[in-house]
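Here the structure comes first, spelled out in C-alpha cells, and everything after it is commentary.
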Amino acid sequence: MGIRARLRVWAQLTRPVHPETERVLRERWAQLPEAVHTPAQLLGRHAVGCEGTHGVFPKCNLTCTPCYHSADANKVRVDGEHTVAEVDAQMAYFRQHRGPYAHAQLIGGEVSLLAPDDHAATLLRMRAHGREPMSMTHGDFDADYLRALVHDDRGRLRLTRVSFAAHFDSLMRGRRGAVRPRTEAELNPFRQRFVQMFRDLRAETGLRYYLAHNMTVTPANLGQVTETVRAVLPMGYSMLSFQPAAHVGDSRRWREDYRQVSIDSVWAAVEEALGQRIPWEGLQFGDPRCNRTAWGFLAGNRWVPVLDPDDARDLAARDRFLDHFGGVAFTGTPPALLAVKIARVLRRRPGDAGVALRWAARTVRRAGGLRRLIGAGARGRVRPMTFEVHSFMDAAQVAPAWELMQRGVSAEDPELRATQERLAACSYTMAHPETGRLVPACAQHSVLDLEENAGLRRLLPLTVVG
C-alpha cells in the first residue's frame, strides 16, 4: 500500500464521526415526535439508542412478580447454538440499519443459564458487529461461572472487559439463600457478593468491568427504595436503575395495581436517599414519560452531576458538545484513537477546549473543590454513578396503539395517542431481520413475545425426543 493510500485509510479511521453514524443519527432524529425535539434530546444527536436481544433464551430459574415474559417463556430450553446464531443475525441487522456502534443488551431470560462458552461466544459476536454488550442477569451465579466466562480453554482472557446489569429485588423468588425475601435489606449481602466476584477477578487477572444494579418497583417495595439506595451506593455499582412495574407479560404474576408507582415517586425516593436534588432535565433519552437519567460521579459521599440544568453556562456547553462531538463514540473506541478524533474536532473548533475547561472547573467546584476531589480520588472514592428510572407501559395500551401504528393510523383516543408518541420515541429497540423491522421494547414485550415464545416452545422444547 502506497503512502497516499495509507493516508486515506488513516484519515478515514480517525474521522471523528463515521459517515454511517451521521446518516443513522439524521434518520433517528427525523423519526422522533416533534414533542421530544428539544435541546436536551440525545437520540438522533449523540446516539441511536440502546438495543436488546429477543427470542434467544427466554427461560429463567427465578420467578418474579411481575414477570415481563409470557407464560410460555419457561417452557423453552436454553440452547447455546440457537442463541449465538439468533444474536448474530439480530446484531448484523442492527449494524446494517443503525450504524457501526451502539450499546446492546444480551437479555432473555437469565443469561447465566447459557454455558460459559456460549455466553462468551455471543458477546464476541455482538462486539464483532460494533455493539458494546451488557449481560442482563439476576446475579445468582458463582465466581466459577464468571471465571469460565472470561477465560478460554487455555486459561487466557478472551474477554478483557465485561458489562453486567444485575437485578435484585424482594419481588424475586428462588434465589439461593434468599428464596422468599421479605425485605430489600435481606438482599444486600447478595448485592455486595455480586460486586465482590468482579473485584476479586480484576485483582487476579486485570479484568475490567461495568456493573449496573436493576430493581423493579411496585407498591410493595416503593417504601424501601430510599434505604436500598443508601445501602447499595458504596458497594461498587456504576449505575442504579429502577423500573416501575407495568402490567405486561404473565398476568398470573400481577399482584397489585402497579399504576400507583410513578416515575416521579421513584425519583423522589432516590433523591431522599442522597439528601440532594438529582437533576436530570438537561439530558434526555427519548420521552421523559419513559426515561429519566442523571449522569454524574461519586466523590466521597457526594454525588456530583455532570450537568447543572439551572446553569446557562452548562447548557451552552451541552449544546456545543452535541453540535460538535455528538456522533463521536466515546466508549468502545481505543483511547489513543479517541484522542486523535477529539484533536481533529478541536482543530476545527479550537474554542471548544476553553468551553470544556470552564465546564470542568465548574464540575470540580460542585464536587467541593480540587483538593477535596483529589483527596477522594487518592482514597479510591471517586467513581462514575448514573441514576435511571425506566417506566414501561401496560400491554393493554401498547397492543392497540402498536396495531394502529402498523397501519399508519394516529389514534384519536388521548391515552392511545400518548402511547404511540412514547413508542415512536423509544430508546430501546429490538431487531427483527426476518420481517425487516425495528421494534420498540414495549411492543416486543406486550405484543410480539406472546407468539414468539409459543413458537420457541415448539422449536426448543424442554424435552428432546430422540
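The values are calculated or read from the model by the stated rules, or taken from the named source; none is laboratory data. Small disclaimer: the values here were computed from a predicted structure and weren't measured. Note that each Cβ is placed from the backbone with ideal geometry, even for glycine, and that neighbours are counted across all protein chains shown.
Worth a mention:
- Near pairs, Cβ below 7 angstrom, 6+ apart or cross-chain, from segment 204-221 (free of Cβ contacts under 8 Å to residues at least 60 places away in the same chain) to any residue that is assigned to a helix (DSSP H, G or I) and hydroxyl-bearing (Ser, Thr, Tyr): 215/228
- Residue 232 being crowded, with 20+ Cβ neighbours inside 10 Å, in contact with a Lys or Arg (Cβ under 7 Å, 6 or more places away or on another chain), among the hydrophobic types (A, V, I, L, M, F, W, C) and closer than 26 Å to residue 379 by Cβ: yes
- Residue match in segment 53-65 (condition: part of a helix (DSSP H, G or I) and touching a His at 6+ places or on another chain (Cβ under 9 Å)): no
- Taking the criterion of being in contact (Cβ under 8 Å) with a residue 40 or more places away in the chain, loosely packed, with under 15 Cβ neighbours inside 10 Å and closer than 29 Å to residue 161 by Cβ, the only residue of segment 308-331 that qualifies is 331.
- Condition check for residue 144 on (1) touching a residue at least 40 places away in the same chain (Cβ under 8 Å); (2) out of contact with any Leu (no Cβ under 9 Å at 6 or more places or on another chain); (3) farther than 30 Å from residue 257 by Cα: one failure, at (1).
- Counting only helices (runs of 4 or more DSSP H) that sit wholly inside segment 74-159, those with at least 1 residues that are of a type in the set (Phe, Trp, Tyr) are 80-98, 143-150.
- Residue ID - surrounded by the fewest Cβ atoms within 10 Å (Cβ to Cβ), chosen from residues in segment 177-229 that are among the acidic types (Asp, Glu) and more than 24 Å from residue 247 (Cα to Cα): 204
- Spans of helices (runs of 4 or more DSSP H) in segment 255-351 with at least 3 residues in contact with a strand residue (DSSP E or B) (Cβ under 9 Å, 6 or more places away or on another chain): 263-274
- Close pairs (9 angstrom Cβ cut-off, 6 or more residues apart or separate chains): touching a residue at least 60 places away in the same chain (Cβ under 8 Å) and farther than 15 Å from residue 262 by Cβ in segment 286-298, charged (D, E, K, R) and part of a strand (DSSP E or B) anywhere: 293/388; 294/388; 297/383; 298/383
- When we screen 8, 26, 45 for residues that are modelled with pLDDT of 95 or more, basic (Lys, Arg) and part of a helix (DSSP H, G or I), the only hit is 26.
- Filter result (basic (Lys, Arg) and either closer than 18 Å to residue 387 by Cα or within 20 Å of the chain's Cα centre (by Cα) (or both)) within segment 191-214: 191, 208
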